[in-house]
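**Student:** Can you keep this structure in mind? I'll have questions shortly.
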Amino acid sequence: MPAATSPPSLPLQDNTLLVTRAAAQAGMSRQRFEQTGARVIDFPALEIGPPDDWGPLDGALARLEHFDWLVLSSANGVEAVRDRLALGGRTWQDLERRPRIAAVGHRTARCLEQLGWTVDFVPPEFVADSLIEHWPRPVSGLKMLLPRVQSGGRPLLARHFSAEGALVSEVPAYESRCPAAIPPDALRALEQGDVAAITYASGKTVVHSVKLLQAAVGERWLTLLQPLRVISIGPQTSRSCRQWLGRVDREANPHDLGGLVAATIEALHRDPGPG
C-alpha cells in the first residue's frame with residue numbers, strides 16, 4: 001500500500017526510514033517513528049563521550065554559586081553537569097546559591113525538571129537564535145556558564161552575550177565523535193533502494209553520515225541518497241544538508257523530535273518523489 005493511501009493513524013506505514021542520531025538516543029526516535037507505522041533502521045552517526053579534558057568544566061562547577069545563569073543547550077550537557085557535580089560530592093540541591101537556568105529545547109528542559117532543577121527560561125523556538133532574541137534583559141554584567149560540545153558547535157551564544165557585556169565562561173562538557181562504521185542493515189537497505197527518507201537531528205549527523213558512506217561505498221555514496229527524502233530538524237542542520245548533500249526536502253517546525261516526525265510525514269505524503 002503506498003504511503004499516500006495509508007490510514008491516518010499510520011501515516012508512514014510501508015515506508016522505511018533511516019534515522020541518524022546519537023547511538024544512546026536512537027530508542028526514543030525509533031519509538032516515535034514506529035508509532036506512525038514506519039519501519040525504522042537506526043543509523044547511529046554520533047557517539048557521545050567525554051571531552052579531552054574535564055578541567056575547565058570541573059573548575060567552572062567549583063565556582064557554580066558565583067554564576068547568575070547556567071545555559072544548557074542539550075541533554076548531554078545536563079548529564080555532564082549532573083555527573084561532574086556528583087563526582088565532586090555535590091548535588092544541585094546542596095548549593096547555597098543556585099544560578100538561574102536557561103534551557104534550549106523541551107528535551108533539555110525535561111531532563112532538568114526530571115532532576116528537580118528549576119528551569120527559569122526556555123525560548124519559544126528550540127534553537128540558540130531564539131534564546132538570544134527572547135532573552136530576559138538586561139545582560140550586561142551577568143556571569144554566565146555555558147557548558148557545550150567540545151567541537152563543532154556554534155559559538156553564537158558566547159559571542160553574543162559577551163558582546164552585550166556579560167561575563168561568559170564557555171567550557172567543553174562532552175564530545176560527539178563519528179562511529180567506526182555504518183551499520184550493515186542500514187547500508188544494505190540503501191543498496192537495495194528500500195529507504196524512503198533519511199532524518200538528521202544535527203549538523204554533525206550529516207557530516208558523519210557522509211564520512212561513513214564514503215568509507216563504505218566510495219564515490220557512489222551520493223547516488224545512494226538521491227532517491228531519499230532528506231529531513232532536517234532545524235536551520236543549522238538544514239545548512240549542513242545543503243552543504244554536504246546539496247538539498248534538504250523538509251525542515252521540522254518546531255525543531256524537535258515531534259516536528260521531525262511531522263516533517264517526514266509531510267514530505268512523504270505531499271512530494272514522495274526523489275529530490
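The values are calculated or read from the model by the stated rules, or taken from the named source; none is laboratory data. As the structure is a computational prediction, the values presented were derived from the model and not from experiment. Using ideal geometry, Cβ is built from the backbone for each residue, glycine included, and neighbour counts are taken over all protein chains shown. Surface accessibility is based on the protein's heavy atoms, side chains included, excluding ligands, DNA and RNA. Shrake-Rupley method; radii C 1.70, N 1.55, O 1.52, S 1.80 Å.
**Student:** Test of understanding: what is the full-extension gain from Trp54 to Arg82, defined as 0.36 nm times their sequence separation minus their Cα-Cα distance?
**Tutor:** Numbers: separation 28, 0.36 × 28 = 10.08 nm, distance 1.33 nm.
Here the segment from Trp54 to Arg82 would lengthen by 8.7 nm.
**Student:** I would also like to ask the following. How charged is the neighbourhood of Val127? Take every other residue with its Cβ under 15 Å from the Cβ of Val127, and add Lys/Arg as +1 and Asp/Glu as -1. Don't skip to the end; give the middle numbers.
**Tutor:** On the way: positive: Arg107, Arg148, Arg154, Arg239; negative: Glu125, Asp129, Glu133, Glu251, Asp256.
Counting the neighbours of Val127, the net charge comes to -1.
**Student:** In the range 1-138, what percent of the accessible surface is made up of carbon and sulfur (1.4 Å probe, ligands and nucleic acids excluded)? Provide the component values of the computation, followed by the final result.
**Tutor:** Numbers: 3310 of 6730 Å².
Here it works out to 49 percent.
**Student:** Where Lys and Arg each count +1 and Asp and Glu each count -1, what net charge lies around Leu257 among other residues with Cβ under 12 Å from its Cβ?
**Tutor:** Details: positive: Arg21, Arg30, Arg32, Arg107, Arg110; negative: Asp256.
Neighbour charge sum, excluding Leu257 itself: +4.
**Student:** When only DSSP loop residues count, what GluC sites (Glu not before Pro) in the range 89-142 have their Cβ near at most 12 other Cβ atoms within 10 Å? Before the final figure, lay out each step's value.
**Tutor:** Working: sites: Glu96, Glu113, Glu125, Glu133; in loops: Glu96, Glu125.
Sites meeting the loop and neighbour criteria: Glu96.
**Student:** Now for a different question. For the chain, take the alpha-carbon Rg, divide it by the Kirkwood Rh, and send me Rg/Rh.
**Tutor:** Numbers: Rg = 20.0 Å, Rh = 19.8 Å.
Taking Rg over the Kirkwood Rh, I get 1.01.
**Student:** Oh, and also: Mind listing the Cα extents of the range 209-258 along all three principal axes, in Å, largest one first?
**Tutor:** Principal-axis extents of the Cα atoms in the range 209-258, largest first: 35, 19, 18 Å.
**Student:** Could you compute the net charge surrounding Val19? Neighbours are other residues with a C-beta less than 12 Å from the C-beta of Val19; K and R count +1, D and E count -1. Show your work: numbers first, answer last.
**Tutor:** Details: positive: Arg21, Arg30, Arg32, Arg39; negative: Glu34, Asp42.
Taking every Cβ under 12 Å from that of Val19, the sum is +2.
**Student:** So what is the calculated 222 nm ellipticity per residue for the chain, using -39500 (n - 2.57) for each DSSP H run with n of 4 or more, over all residues, to the nearest 500 deg cm²/dmol? Working shown, then result.
**Tutor:** Details: 11 runs with 107 residues, N = 275.
Dividing the helical sum by the residues of the chain leaves -11500 deg cm²/dmol.
**Student:** Another question, then. Given bins 5 angstrom wide, list per bin the percent of all Cα-Cα distances in the range 136-224, short to long.
**Tutor:** So the P(r) values, bin by bin, are 3, 11, 17, 16, 11, 9, 9, 8, 7, 6, 3, 0.
**Student:** A follow-up question, please. Please give the residues of the range 64-78, grouped as numeric ranges, whose backbone N is less than 13 Å from a label point set 7 Å along the Cα-to-Cβ vector of Arg98.
**Tutor:** Counting backbone N atoms under 13 Å from the label point, the list is 65, 70.
**Student:** Which residues make up the longest stretch of the chain that has no trypsin sites (Lys or Arg not before Pro) in a DSSP loop with at most 15 other Cβ atoms within 10 Å? Intermediate values should be presented prior to the final figure.
**Tutor:** On the way: sites that count: Arg63, Arg90, Arg97, Arg247.
Maximal segment without exposed cleavage sites: 98-246.
**Student:** Output needed: percent of Cα pairs per 10 Å distance bin for the range 1-142, bins running from 0 to the one holding the longest distance.
**Tutor:** 10, 30, 30, 18, 9, 3, 0
**Student:** Give the residues of the range 181-216 whose amide nitrogen is closer than 18 Å to a point set 7 Å from the Cα of Gln243 in the direction of its Cβ.
**Tutor:** Under 18 Å, as judged by backbone N against the label point of Gln243, lie 200-214 of the range 181-216.
**Student:** Does anything in the range 122-164 have its amide N under 18 Å from the 7 Å Cα→Cβ label point of Met28, and if so which residues?
**Tutor:** 122-128, 148-149
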